[in-house]
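First the structure, in the form of structure tokens, and then the observations on it.
The values are calculated or read from the model by the stated rules, or taken from the named source; none is laboratory data. Predicted model, so just to flag it, every value in this text is computed and none were measured. Here the Cβ is made from the backbone with ideal geometry for all residues, glycine too, and neighbour counts use every protein chain on show. In case anyone asks, the SASA skips ligands and DNA or RNA and just uses the protein heavy atoms, side chains included. Shrake-Rupley method; radii C 1.70, N 1.55, O 1.52, S 1.80 Å.
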Amino acid sequence: FGEVSMSIADNKSRVRRFFREVVSAGNLEAIDELFDASCQYFDAGSLRTEGLDEFTEYVIQARRPLDSIDVKIENIIAEGSQVAVRCSYHVMLEGKHSVVPVMADFRFEEGKIVEVWRTVAVGNKET
């Protein structure tokens, strides 16, 4: 029982690290540490990338137009090999601040992320 709860805590920590280091800070090296080589990334229910190279390129392209991005995690819930997150992306784009609500579900195998399912709310709020 203790081993299962420890891996759940570890997986939640890995998801927090993903948002902090990869999404917010753009640390691409962390992708290799956090993700399985055959990882799959789904956006709004459609397969977007397969494997580390495609996912890394997606992250580069997604971050490129942004002045900055800061992720605020509101909820993080884990059970078994799954971690679900409700968060918001606080984005600066061309001097304008927007808040983008996001839901994401991560699946782990042997301590690595093997799947990410993400949905971004339409109609983000400018502040």
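Counting each pair of different Cα atoms once, what's the Kirkwood radius of the chain in Å, rounded to one decimal? Please list the in-between numbers first.
Numbers: mean 1/r = 0.0669 Å⁻¹.
After inverting the mean inverse Cα-Cα distance, the result is 14.9 Å.
Could you sort 88, 46 by their accessible area in this structure, using a 1.4 Å probe and putting the largest first? Each step should come with its number before you reach the end.
Values: 88 10, 46 70 Å².
Largest accessible area first, the residues go 46, 88.
Judged by the gyration tensor of its Cα atoms, with axes a ≥ b ≥ c, the range 51-92 is oblate; a/c meets the 1.5 cut and b/c is at least as large as a/b. Can you list the residues of the range 32-49 with backbone N under 16 Å from a point 7 Å past the Cα of residue 112, pointing along Cα to Cβ? Answer for this model: 32-41.
Just flag the chymotrypsin sites (Phe, Trp or Tyr not before Pro) in the range 1-61 sitting in loop per DSSP whose Cβ has no more than 13 other Cβ atoms within 10 Å.
When the chymotrypsin sites (Phe, Trp or Tyr not before Pro) of the range 1-61 are filtered for loop state and at most 13 Cβ neighbours within 10 Å, 1 remain.
Between the Cα long axis of helix 52-63 and the first principal axis of the chain there is an angle of about 30°, rounded to the nearest 10.
Helix 2-17 and the longest principal axis of the C-alpha atoms of the chain enclose an angle of approximately 20°.
Accessible area per residue for the chain is 58 Å², calculated with a 1.4 Å probe on protein heavy atoms, without ligands, DNA or RNA.
State the number of lysine pairs found in the chain whose Cα atoms come within less than 20 Å, restricting to pairs 8 or more positions apart or on distinct chains. Numbers along the way, then the final one.
Details: 12/72; 12/112; 72/96; 72/125; 96/125.
Value for the chain: 5.
What do the square roots of 5 times the Cα gyration tensor eigenvalues come to for the range 6-64, in whole Å, largest first, as semi-axes of the equivalent ellipsoid? Please report the intermediate quantities before stating the final value.
Details: eigenvalues 70, 41, 24 Å².
Those come to 19, 14, 11 Å.
Taking all protein chains together, 33, 94 sort by accessible area into 94, 33, largest first [probe 1.4 Å].
As a fraction of the 1.4 Å probe accessible area of the range 38-98, surface on carbon and sulfur atoms comes out at 50 percent.
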